[in-house]
There are 2 protein chains.
Amino acid sequence: MAQDDSIITAALLVIGDEILSGRTKDKNIGTIAEHLTAIGIRLREVRVVADVEDEIVAAVNELRARSTYLFTTGGIGPTHDDITADAIAKAFGVSIDVDPRALALLQPHYEKRGMTLTPPRLRMARIPDGAELIANSVSIAPGFMIGNVIVMAGVPLVMQAMLTAVTARLKTGRKMHSMSLGVDRPEGDIAETFSAHQAAFPNVSMGSYPSFGDGRFRTELVLRSTDEIELQTAFEQLKLKLSQL
Amino acid sequence: MAQDDSIITAALLVIGDEILSGRTKDKNIGTIAEHLTAIGIRLREVRVVADVEDEIVAAVNELRARSTYLFTTGGIGPTHDDITADAIAKAFGVSIDVDPRALALLQPHYEKRGMTLTPPRLRMARIPDGAELIANSVSIAPGFMIGNVIVMAGVPLVMQAMLTAVTARLKTGRKMHSMSLGVDRPEGDIAETFSAHQAAFPNVSMGSYPSFGDGRFRTELVLRSTDEIELQTAFEQLKLKLSQL
C-alpha cells in the first residue's frame, strides 16, 4: 500500500435487483466506506443499479473516469442473473473467457469437495482479458481488478475477503482523521456556535448528526481533516466554546 | 394513493458526508426500497452524494428527469452542513425563503417546549417556492415535495414518518409480487435448471442469492412478477423441477 500525498478517490457501484426491491438490505456500503476512510481513500459517491447490462456498463464507464478507483459489488456468481463480469468486459471493450488462472483455483476446490465443476460454476472462472485476479479466501471463486476497477462479490463475507486481499495493491493518499463530540442538546441550540466554528476552520470539515432516544435529544459533532494538528486545535476550541454556551 | 396500470418508477438520492465516510451506516435505502415495492413503485437506482451543492444539484436534475419520482434523504436540519433545501431550489431554479406554513408549525412547537426559535431552527422553515410540505410527526420540522421530488430527513425515524405522510399523494402502478424458495444446496448445483426456468418464463424476473452459514450452503431463489398467476405457475414448476434434480 504505497503512501502518497495526493488525494486518492473512489466510487462504489452496488449491482443488484435485490437491493432495489428491498429484499436484501445492503451491508457492503458501510463496510467499504469505513475501510476506505481508514486506509486514506475518499469515497466520493455510491450508486446502486439493477441487473441490467446497459445500466451497469454506463455507470462503470461514468464512474471509473471520475475517481482513482471504482469498486463494484454483486453479480459475479454462477447464475444467469450474474452479469457483472460480462458488463465490465463490455465497458472496457475487451473479450471475456474462462481464465486458466481462475480455473486452476476452482477445479481442485470442487474436486476436493466431491462437487462437479458444472457449466454455471465454470462461469465464475470467466474473467475479462487483462484483469488481475483478487483472492477469495471464503469460497474460492475470485474477484478481479481491471484498470482502476475492482470487481467484488455481493455476499458480505466474500466481499470483505476480497477487499482485504486487494488493499495491498491500492495507492492511498493522506488519511482523513476525525474527532467527534457528543452533546446532550438539540442541534438548534448549538448550530450558530458550530457554524461560526466551521467558518473559523475552513480546512476542517464539520458535520452535525442529531438523534432522538428515551425522550432526549442528542447531537454528535464530527470534525474531519487530513491535518491532525489543526483538527486537534479545532476540536479543543469547539469544546471550550460549547462549554461557555 | 391512486392505482393505475402503468409502471411507476423512482430514484433515491441519499445526501451526506457521514454515509460516504462510513461514520453512519445508512438504514434508509432498505426501508424506502421495501416500502416502494410494497405500494407498487419500482426503485430503479440509488445514489449517495456528499454535502456539496453542485453535486446535489446535478444528481437531482439527472435523476428527476429519469423516473416518476425522486426521493431524497438527509441535509434538511438546522446546521451549516444542511444544504439540501437550497440545492433543491437551485436545481428547480426557484427562490427559497422562510415559509409561513412551516413557521406556523415550528413556532408553537418550540414555544410549548420553552425552546427558542433560533436562526438555525428558522432555517428548517426555509422551503423552495412552489413546494408542498410533508408532515413530520416526530420532530415537526417538515419535509417537502416539489414537482416530482420528495425531500425527507436523514434521521431514520423522521424519514419513516415523512415517507408514511407522503404515500397517500403518490401515484402507484402495478405491484411487483414475489415468491421465494430456499434450497439447501449451493447455487452452482441448481443454476442450470434455474437458468432454463428463467428462459421459459421471460416475464418473471428470477434471482438467486447464496449464503453461507454453519458450514452449509444455502440458496434463496426469488421470483418476481406483476402477474400473480404467472408467478404462481412459475413458482410451482420450479419447485417440481428442483425436486427432480
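Can you list the helices (runs of 4 or more DSSP H) found entirely within the stretch B:79-174 that contain at least 3 residues being under 17 Å from B:ALA11 (Cα atoms) and within 18 Å of the chain's Cα centre (by Cα)? Working first, answer last.
On the way: elements: B:84-92, B:100-112, B:119-123, B:156-167.
Once the helices (runs of 4 or more DSSP H) in the stretch B:79-174 are filtered for at least 3 residues that are under 17 Å from B:ALA11 (Cα atoms) and within 18 Å of the chain's Cα centre (by Cα), what remains is B:156-167.
Can you tell me which residue within the stretch B:205-234, out of those that are among the hydrophobic types (A, V, I, L, M, F, W, C) and within 12 Å of another protein chain (Cβ to nearest Cβ), is farthest from the chain's Cα centre (by Cα)? So that I can check it myself, show each step before the final result.
Quick first cut of the stretch B:205-234, residues among the hydrophobic types (A, V, I, L, M, F, W, C) only: B:206, B:212, B:217, B:221-223, B:229, B:231, B:234.
Within this subset, residues satisfying the condition of being within 12 Å of another protein chain (Cβ to nearest Cβ) are B:206, B:212, B:217, B:221-223.
Details: B:MET206: 22, B:PHE212: 28, B:PHE217: 31, B:LEU221: 24, B:VAL222: 21, B:LEU223: 21 Å.
Filtering first and then ranking leaves B:PHE217.
Tally the residues that are within 8 Å of chain B (Cβ to nearest Cβ), of a type outside the set (Gly, Ala, Ser) and in a helix (DSSP H, G or I), restricting the search to the stretch A:6-30.
Final tally of qualifying residues: 5.
Could you list all residues from the stretch B:47-76 that are over 30 Å from A:GLN198 (Cα atoms) and either assigned to a loop (DSSP other than H, G, I, E, B) or open to solvent by less than 10 Å² (accessible area, probe 1.4 Å) (or both)? It would help to see each step written out before you state the result.
At the first step, the residues of the stretch B:47-76 found to be over 30 Å from A:GLN198 (Cα atoms) are B:62-70.
Result: B:LEU63, B:SER67, B:THR68, B:LEU70.
Each row is one residue, and each column tells you yes or no for (1) open to solvent by 10 Å² or more (accessible area, probe 1.4 Å); (2) modelled with pLDDT of 95 or more; (3) over 30 Å from B:VAL98 (Cβ atoms).
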| site | (1), (2), (3) |
| --- | --- |
| B:PRO142 | no, yes, no |
| B:ALA153 | yes, yes, no |
| B:ALA200 | yes, yes, yes |
| B:SER208 | no, no, yes |
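Can you tell me which of (1) among the charged types (D, E, K, R); (2) out of contact with any strand residue (DSSP E or B) (no Cβ under 6 Å at 6 or more places or on another chain); (3) within 7 Å of chain B (Cβ to nearest Cβ) is the one A:GLU53 doesn't meet?
(3)
For A:THR79, which of the numbered conditions (1) at pLDDT 95 or above; (2) open to solvent by less than 10 Å² (accessible area, probe 1.4 Å) fails to hold?
Tallying (1) at pLDDT 95 or above; (2) open to solvent by less than 10 Å² (accessible area, probe 1.4 Å), A:THR79 fails exactly one: (1).
Which numbered condition in (1) among the hydrophobic types (A, V, I, L, M, F, W, C); (2) open to solvent by less than 10 Å² (accessible area, probe 1.4 Å); (3) closer than 29 Å to B:TYR110 by Cβ is the only one that B:ILE96 fails?
(2)
Would you please name the residue that is nearest to the other protein chains (Cβ to nearest Cβ), looking only at residues in the stretch B:160-174 that are over 27 Å from B:ARG224 (Cα atoms) and in contact with a strand residue (DSSP E or B) (Cβ under 8 Å, 6 or more places away or on another chain)? Full working, then the answer.
In the first step, residues of the stretch B:160-174 are kept if they are over 27 Å from B:ARG224 (Cα atoms); the result is B:161-162, B:165.
Next cut, in contact with a strand residue (DSSP E or B) (Cβ under 8 Å, 6 or more places away or on another chain) only: B:162, B:165.
Working: B:MET162: 14, B:ALA165: 17 Å.
Taking the candidates together, the pick is B:MET162.
How do the pairs read when you match residues in the stretch A:101-122 that are of a type in the set (A, V, I, L, M) with residues anywhere that are part of a helix (DSSP H, G or I), using Cβ under 7 Å and keeping only pairs 6 or more apart or on different chains?
Pairs that qualify, where the first residue is of a type in the set (A, V, I, L, M) and the partner is part of a helix (DSSP H, G or I), are A:LEU106/A:ARG121; A:LEU117/A:LEU106; A:LEU117/A:GLN107; A:LEU117/A:TYR110.
The values are calculated or read from the model by the stated rules, or taken from the named source; none is laboratory data. What you see is a predicted model, and the numbers here were worked out from it, not measured in a lab. Glycine also receives a Cβ, built like all others from the backbone with ideal geometry; neighbour counts cover every protein chain displayed. The area values use the complete protein model at the heavy-atom level, side chains included, leaving out ligands, DNA and RNA. Shrake-Rupley method; radii C 1.70, N 1.55, O 1.52, S 1.80 Å.
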